[in-house]
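For reference, the structure is listed below as structure tokens.
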Amino acid sequence: MIRPARWVPLFLSLMAMASLPPCASAQDKGKVAKKGGGAALTRCGPGVVLSVSPARVIQGSLVLAEVRSGEGLASVKGNWNGREVGFWDEAPPGPHGKMDRWRGLVGVDLEKEAGVYDLTVYVTEKDGNAVGCGAKVTVLVGRFPTERLKVEKQFVEPDPEQEERAKKEGARLRAIYETATPERLWKGPFRLPLDGVKIGGNFGRRRVLNGLPRAPHAGVDFPAPTGTPVHATQAGQVVLAEPLFFSGNTVVVDHGLGIYTFYGHLSEIEVKSGEAVEIGAVLGQVGATGRVTGPHLHWALSVNRARVNATQLVTVLGTR
């Protein structure tokens, strides 16, 4: 098991700049939980069932929505927080009574306000009949640690030129995440980006640097030696492959349906923007570029603009 490193990466959450602000007011404000749990089932009509799992989650989590039907469905779409949730046909109907099964991923942002929220799903059957139904998801406040550190001035106070560069790069990332490729670009389970690792750390950690509070850490850190190969966690298209101010050499992969993975602080980049990659493709190597104090991979996930713990892609959709 890899334990969080004693050194602290000082990446100031470029993903945070590229995300939506916290959601508007809701019920149950301030409830706290260490972990979510449970599932909810809703009947959408004859033979059509919607499930969400888990139905209670902490901030920064993934929710798996699934629609099952005894008959083939033409399409399934969802709406969460005013944004479309893309569904894919995971198991088309077959012989021996096999049910049609469509899945979609709902991202609960790291700073989404605690409360009860509605997921609405619209189902179109093969005969053109349209059915709508919904399920409620309870978001609970996560328990994320806070660190207070004294660091060198250049890590927390960029000069005006650097600050302007960071703002432009943040705007570019927002534009990327705002676009949802309408089809799924992957098939099968996701994997972790480094071989031989089981767990990463620091997601959601809040830092106070030289007395100044910073945005929560929106990625997962994997300490590793410089030069360790970094792999694509699933198939997709590279939409960014270049140095950024905060995250150094960076690659962003679009997996379709509003799902993006982010790989930061690389020592080398081995892909180009616009390139299609398969699962396991080498994107680059672990490094210490950008605003960090030691080599590691910063791996982050955006699902329909929500900052989510990237390791849940593996746990929610299974492992290879």
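Computed quantities for the displayed model
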read-out	value
Residues of the range 244-259 that turn out to be assigned to a strand (DSSP E or B), of a type outside the set (A, V, I, L, M, F, W, C) and open to solvent by less than 10 Å² (accessible area, probe 1.4 Å), as a count	5
Selected residue (only one of Arg206, Arg184, Arg191 is more than 23 Å from Asn249 (Cα to Cα), modelled with pLDDT of 95 or more and among the basic types (Lys, Arg))	Arg184
Looking only at the range 72-129, and only at residues there that are in contact with a helix residue (DSSP H, G or I) (Cβ under 9 Å, 6 or more places away or on another chain) and in a loop (DSSP other than H, G, I, E, B), the one that is nearest to Gln312 (Cα to Cα)	Leu110
Restricting the range 32-62 to residues that are in a loop (DSSP other than H, G, I, E, B) and modelled with pLDDT of 85 or more, the residue that is nearest to Arg143 (Cα to Cα)	Gln59
Some residue of the range 143-160 being under 21 Å from the mean Cα position of the chain (by Cα), of a type outside the set (Phe, Trp, Tyr) and crowded, with 19+ Cβ neighbours inside 10 Å	no
Hits in the range 171-222 - residues which are among the acidic types (Asp, Glu), under 21 Å from Val314 (Cα atoms) and open to solvent by 30 Å² or more (accessible area, probe 1.4 Å)	Glu183, Asp195
Residues of the range 225-243 classified as buried (at least 23 other Cβ atoms within 10 Å of the Cβ) and not hydroxyl-bearing (Ser, Thr, Tyr), total	4
Pair list, Cβ under 6 Å, 6 or more apart: the range 56-67 residue on the phi > 0 side of the Ramachandran plot and open to solvent by less than 10 Å² (accessible area, probe 1.4 Å), other residue at pLDDT below 95 and aromatic (Phe, Trp, Tyr)	none
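The values are calculated or read from the model by the stated rules, or taken from the named source; none is laboratory data. Quick caveat, the model's predicted, so the values are computed rather than measured. With ideal geometry, Cβ positions are generated from the backbone for all residues, glycine too; neighbour counts draw on all protein chains shown. All accessible areas refer to the heavy atoms of the entire protein, side chains included, with ligands and DNA or RNA removed. Shrake-Rupley method; radii C 1.70, N 1.55, O 1.52, S 1.80 Å.
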